[in-house]
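Engineer: Structure incoming, see below.
Just so it is clear, none of the values below were taken in a lab; they were calculated from the coordinates. What you see is a predicted model, and the numbers here were worked out from it, not measured in a lab. Counting neighbours? That spans all protein chains shown, and the Cβs are built from the backbone with ideal geometry, glycine included.
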Amino acid sequence: MESKAQTGLRGEDLATDYLRKQGYLIWARNWRQGRYEIDIVAERWGITHIVEVKTRRAGSLLQPEQTITPTKVAALHKAAAAYMAQNRIVGEIEFDLVAIDIFP
């Protein structure tokens, strides 16, 4: 059985592949600054997408999308602001969730 970290990385790999197939340009993966973290930063049609990836193995008590808390949303907003400032990005931004259930 894979570890939680391995499951998370596998989910991020799947999400990245999916986004690329949908025409997104991937700018960053696992971007970090201090305590802030963004799973994937992508762009499509001139819109910057801050993508949170939540991956769960079959049999988990909660669905991936149920694990997004108000605290996580606030942290994502701060992380996005830091990323945008650091990379001098202006324009429209969208927050997205990729929820993945992994079955054996």
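Engineer: Could you point to the residue in V51, L97, I38 farthest towards the positive end of the chain's charge dipole, with +1 and -1 charges on the Cβ of Lys/Arg and Asp/Glu respectively?
Structural biologist: Ranked along the dipole, the leading option is I38.
Engineer: Could you run the Karplus curve 6.51 cos²θ - 1.76 cosθ + 1.60 with θ = phi - 60° over region 82-98 and give me ³J(HN,Hα) per residue in whole Hz, x for Gly and Pro?
Structural biologist: Those phi angles translate into 5, 4, 4, 5, 4, 9, 6, 9, 10, x, 6, 10, 9, 9, 10, 10, 10 Hz.
Engineer: Quick one: what are the phi-derived ³J(HN,Hα) couplings along region 8-20, Karplus 6.51/-1.76/1.60 with θ = phi - 60°, whole Hz, x for glycine and proline?
Structural biologist: Once θ is set to phi - 60°, the couplings for region 8-20 become x, 5, 4, x, 5, 4, 4, 5, 4, 4, 4, 4, 4 Hz.
Engineer: How much of the DSSP beta bridge set in the chain is antiparallel, as a percent to the nearest 5?
Structural biologist: Taking every DSSP beta bridge with both residues in the chain, the antiparallel ones total about 55 percent.
Engineer: Starting from the amide H of F95, placed 1.01 Å from N in the peptide plane, find each other amide H under 5 Å away whose residue is 5 or more places distant or on another chain.
Structural biologist: I50
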